[in-house]
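The values are calculated or read from the model by the stated rules, or taken from the named source; none is laboratory data. Here the structure is a predicted model, which means the values were calculated and not measured. Virtual Cβ from ideal backbone geometry, glycine too; neighbours counted across all protein chains shown.
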Amino acid sequence: MTFHFTQPLSLTLGHLYPDQLNLYGDRGNIMTLQWRCQQRGIHLRVVGLGIGDALAPDEYDLLFIGGGQDREQAPVAQDLHDMKAIGLWAAIEDDMPVLAVCGGYQLLAHYYRPADGPDMHGLGVFDAWTIHKGAQTPRCIGDVALSWNGSTLVGFENHGGRTYLRTAKPLGRILKGFGNNAEDHTEGAIYRNAYGTYLHGSLLPKNPHFADHLLRLALQRKYGMQDTPLVLAESEPEKRNGRRHSRAALSTNTLDTALPSDTVAPLLAPLDDTLEWEAHAALLERLGLYTEATTILHRQQII
Ligand code: GLN
């Protein structure tokens, strides 16, 4: 099947509560999505959705919600119920990709019980709950690595709450670090295309495969396709702005006739992610996961 696009591909990302929930560089995740789209000629528009704003699901292709301290989470929990619940549920049931980090993740599950104060009721998207066991219980802080989809994810976590999954499927299994609760080796949760995780702002910068997974889900959902043929101007990557880019990534997504198979590219043209994978492997090494680090570097043909 041939797809006919005369316009460049475009996506709109709804960034929930950018002023309240933005810890440990959470916005780095959005910057990474923007960079990866830009390199491929895909237009990514980012729209902030604050307290009091309604969430119209038809206006977005992806959603992001970051982490925050307890005092910031409380008004957000209220607003999620008052202004966003119906739109957010509709989006998620319609398979919109959602990335929810730490405090945002906790509020997409059933409830967060802080060390002090009343429970914050969440939306129950993830069949899970979170309890902060008090100031004497150490926080879960540090670098973290988990298995995901036949590969690894790496990042940084810092949370007091412990999340327990009921029927929710975990994002992955902890290799090093704390994850959901420092007890059962699970990390994060998945419901349809919604992903909850404790990994903060370095998640998508250091995990290009996960960033592209989210973009691929968004493009597939919006354009209803598995693969977009892209015009390949040249097959060799070229040097540009100090980084190498596939020429396919720089071409316009315009195609009128079927091309021979060697001139079509996958839905997302590959980028040169050498730096990203080196950062990923460095973190694995720092955590003592030398075999995993070597596997990644071999797979990416870096060593
Ligand atoms: N306040 C929550 C906790 O400590 C979330 C923290 C965060 O988002 N980093 O568990």
Checklist entry - Which members of segment 143-168 meet the condition of being assigned to a strand (DSSP E or B), of a type in the set (Gly, Ala, Ser) and surrounded by 19 or more Cβ atoms within 10 Å (Cβ to Cβ)? => result ALA145, GLY155, GLY161
Next on the checklist: Against the definition (surrounded by 14 or more Cβ atoms within 10 Å (Cβ to Cβ), away from the ligand (no atom under 11 Å from the Cβ) and under 19 Å from the mean Cα position of the chain (by Cα)), how does PHE126 come out, yes or no?
Outcome noted: yes
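Would you point out the residue of segment 76-92, among those that are over 13 Å from LEU16 (Cβ atoms) and not hydrophobic (A, V, I, L, M, F, W, C), that is nearest to the ligand (Cβ to nearest atom)?
Step one: of segment 76-92, the residues over 13 Å from LEU16 (Cβ atoms) are 78, 81-82, 86, 89-90.
When the remaining residues are screened for being not hydrophobic (A, V, I, L, M, F, W, C), the result is 78, 81-82.
Numbers: GLN78: 15, HIS81: 18, ASP82: 20 Å.
My answer is GLN78.
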Next on the checklist: What pairs come out if I take residues in segment 5-30 that are over 21 Å from HIS209 (Cα atoms) and within 15 Å of the ligand (Cβ to nearest atom) and pair them with residues that are among the β-branched types (Val, Ile, Thr) and assigned to a strand (DSSP E or B) whose C-beta lies under 7 Å away, six or more apart or interchain?
Outcome noted: LEU16/ILE65; TYR17/ILE65; LEU21/ILE65
Next on the checklist: Is it the case, given these coordinates, that LEU88 is crowded, with 23+ Cβ neighbours inside 10 Å and either aliphatic (A, V, I, L, M) or outside any helix (DSSP H, G or I) (or both)?
Outcome noted: yes
Checklist entry - Which one of the conditions (1) crowded, with 20+ Cβ neighbours inside 10 Å; (2) more than 18 Å from LEU171 (Cα to Cα); (3) in contact with a Gly (Cβ under 6 Å, 6 or more places away or on another chain) does CYS102 fail to meet, given that it meets all the rest? => result (2)
Checklist outcome for this item: Across segment 150-164, the tally of residues that are away from the ligand (no atom under 16 Å from the Cβ) and either closer than 13 Å to GLY177 by Cβ or modelled with pLDDT under 95 (or both) stands at 3
Checklist outcome for this item: Quick count over segment 188-204, residues being within 13 Å of the ligand (Cβ to nearest atom) and in a strand (DSSP E or B), is 2
Checklist outcome for this item: In segment 165-179, anything within 16 Å of the ligand (Cβ to nearest atom) and out of contact with any Gly (no Cβ under 7 Å at 6 or more places or on another chain) is listed as LEU165, PHE178, GLY179
Item to check | Yes/no for VAL47 being within 30 Å of HIS121 (Cβ to Cβ), among the aliphatic types (A, V, I, L, M), more than 15 Å from the ligand (Cβ to nearest atom) and in contact with a helix residue (DSSP H, G or I) (Cβ under 8 Å, 6 or more places away or on another chain) | outcome: yes
Next on the checklist: Taking the condition of being over 27 Å from the mean Cα position of the chain (by Cα) and basic (Lys, Arg), how many residues in segment 129-147 meet it?
Outcome noted: 1
Checklist entry - Restricting the first residue to segment 210-231 and requiring it to be at pLDDT below 95, which pairs with a second residue that is charged (D, E, K, R) and not in a helix (DSSP H, G or I) meet a Cβ separation below 9 Å and a spacing of at least six or different chains? => result LEU230/ARG40
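Keeping to segment 93-108, report how many residues are small (Gly, Ala, Ser) and either part of a helix (DSSP H, G or I) or away from the ligand (no atom under 12 Å from the Cβ) (or both).
Residues flagged as small (Gly, Ala, Ser) and either part of a helix (DSSP H, G or I) or away from the ligand (no atom under 12 Å from the Cβ) (or both) within segment 93-108 amount to 2.
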Checklist outcome for this item: In segment 35-85, anything without any contact (Cβ under 8 Å) to a residue 40 or more places away in the chain, outside any helix (DSSP H, G or I) and surrounded by fewer than 18 Cβ atoms within 10 Å (Cβ to Cβ) is listed as HIS43, ARG45, VAL46, VAL47, GLY48, GLY50, ILE51, GLY52, ASP53, ALA54, ALA56
Checklist entry - If GLN136 satisfies every condition in (1) of a type in the set (S, T, N, Q); (2) more than 12 Å from the ligand (Cβ to nearest atom); (3) closer than 23 Å to TRP89 by Cβ but one, which is the exception? => result (3)
